[in-house]
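Contents: one structure, followed by commentary.
The values are calculated or read from the model by the stated rules, or taken from the named source; none is laboratory data. These figures come from a predicted structure and were not determined experimentally. For neighbour counting, all protein chains shown are included, and Cβ atoms are generated from backbone atoms with ideal geometry for every residue, glycine included.
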Amino acid sequence: MARAVDLTRLGTTGLEVFPLCLGGNVFGWTIDEAQSFEVLDAYADAGGNFIDTADVYSAWAAGNRGGESETIIGRWMAARGNREEMIIATKVGTLQGTEGLSASSIRKGVQTSLRRLGLDRIDLYYAHFDDLGTEQLETIRAFDALVSEGKVRHVGASNFTSERLAAALALSRREGLTEYVALQTHYNLVNRADYEGPLAHLCAEHGLACMPYWALASGFLSGKYRRGDALQGPRAEEVRPYLNERGFGVLEALYAVARPRGAAVGAVALSWLMTQPTVVAPVVSATSPAQLSELLGSLGLMLTADELARLNAASL
């Protein structure tokens, strides 16, 4: 039975999304199709409707070529007959054969993503990384054409600097072309500097929705790593930068908040993120329904001013 969780408006669009976005980067990588279906079913059963993926997921895994995640999500929607209930976000620009943000790469990328997802329209289509080698006007015109043709509803930017994002928004307005409505960026309790400041101000000024990725710092903020532990697993190297006094200080603050509440450490970290201005839905991945259930505990977990102050102090 679905939980009663209020949906939230995605920036300036008419899309209403679940406040926790399910990341599809693990589908076809650390979990197979059957396991992915279990996680997707659990998310939908909780009322979730916002799924994030990319054409390049998971080309880095042995034997993969990219598109595995999109294919699994497409098969799941077809099997469940729930496409109209789901808001699907995917990305273009990093998969071999469609690198960069030229008009040709975007056109080829959207066609293959639509085919793998089994869709006739993508709800939110991101530029996965900025492309300094392509004129921004060419990129924006290409996205505008997809919106005009009905292949894409809205477009977003991922991994853009504030300067480049501001330039793109100004160009869109000057030329009367579709504008980025969302930003996906690296943002969490142990990585605040990349977003807080110019990027956050820009999102607030233009009404862009922020969807932080690595919301749990590749699992570090879930509490699975302790002082002195040997690093292991597919995300070990991504976690290494947090294994320092500041990182463990943040974990200690999270435990201090989580224990009295009987909450999961990761749920508290997500709850902190959800309170930040312009954040609409952190992107999280899960490899099992049980893991997802812990993360869903962030919904409705209202942190007090004292708890927020404690977490802020530890993470600055």
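Here are some residues: GLY207, GLY219. Which one is among the small types (Gly, Ala, Ser), over 15 Å from VAL279 (Cα atoms) and touching a residue at least 12 places away in the same chain (Cβ under 8 Å)? Steps first, answer last, please.
Values: GLY207 fails: over 15 Å from VAL279 (Cα atoms).
Just a single option satisfies the conditions, and that option is GLY219.
One residue is enough: does the stretch 255-264 have a residue meeting the conditions under 30 Å from ALA34 (Cα atoms) and crowded, with 19+ Cβ neighbours inside 10 Å? Yes.
Taking into account only those residues within the stretch 139-148 that are more than 21 Å from the chain's Cα centre (by Cα) and closer than 19 Å to GLY14 by Cβ, which is surrounded by the most Cβ atoms within 10 Å (Cβ to Cβ)? Walk me through how you get there before you give the answer.
The initial filter retains those residues of the stretch 139-148 that are more than 21 Å from the chain's Cα centre (by Cα), namely 139-142, 144-148.
So of that shortlist, the ones also closer than 19 Å to GLY14 by Cβ come out as 144, 146-148.
Values: ASP144: 18, LEU146: 23, VAL147: 16, SER148: 11.
Checking each candidate, the answer is LEU146.
A search for C-beta distances below 7 Å between a residue of the stretch 230-241 that is assigned to a helix (DSSP H, G or I) and β-branched (Val, Ile, Thr) and any residue that is surrounded by fewer than 13 Cβ atoms within 10 Å (Cβ to Cβ) and modelled with pLDDT under 70, counting only pairs 6+ apart in sequence or on different chains, returns VAL239/LEU231.
Applying the condition of being closer than 24 Å to ALA314 by Cβ and in contact with a Phe, Trp or Tyr (Cβ under 7 Å, 6 or more places away or on another chain) to the stretch 192-209 and asking which residue is surrounded by the most Cβ atoms within 10 Å (Cβ to Cβ) yields TYR195. In the stretch 287-300, of all residues being at pLDDT 95 or above and in a loop (DSSP other than H, G, I, E, B), the one that is surrounded by the fewest Cβ atoms within 10 Å (Cβ to Cβ) corresponds to SER288.
The one condition from (1) surrounded by fewer than 23 Cβ atoms within 10 Å (Cβ to Cβ); (2) aliphatic (A, V, I, L, M); (3) within 14 Å of the chain's Cα centre (by Cα) that LEU22 does not meet is (1). Pairs linking a residue in the stretch 83-94 that is in a helix (DSSP H, G or I) to a residue that is aliphatic (A, V, I, L, M), with Cβ atoms under 6 Å and 6 or more positions apart or on different chains, are ARG83/MET77. A search for C-beta distances below 8 Å between a residue of the stretch 21-36 that is without any contact (Cβ under 8 Å) to a residue 60 or more places away in the chain and part of a strand (DSSP E or B) and any residue that is acidic (Asp, Glu) and crowded, with 21+ Cβ neighbours inside 10 Å, counting only pairs 6+ apart in sequence or on different chains, returns PHE27/GLU68. Scanning the stretch 109-141 for residues being in a helix (DSSP H, G or I) and closer than 18 Å to ALA166 by Cα gives a total of 6.
Being of a type in the set (Gly, Ala, Ser) and either in a helix (DSSP H, G or I) or closer than 26 Å to SER158 by Cα (or both) is true for just one of ALA253, ALA263. Which residue is that?
Within the list ALA253, ALA263, the selection yields ALA253.
Cβ separations smaller than 6 Å between residues 6+ apart or across chains give the following pairs from the stretch 183-198 residues that are farther than 12 Å from VAL279 by Cβ to residues that are among the charged types (D, E, K, R) and surrounded by fewer than 21 Cβ atoms within 10 Å (Cβ to Cβ): HIS186/ASP194. Listed conditions (1) closer than 30 Å to ALA79 by Cα; (2) in contact with a strand residue (DSSP E or B) (Cβ under 9 Å, 6 or more places away or on another chain); (3) among the hydroxyl-bearing types (Ser, Thr, Tyr) are all met by SER148, apart from (2).
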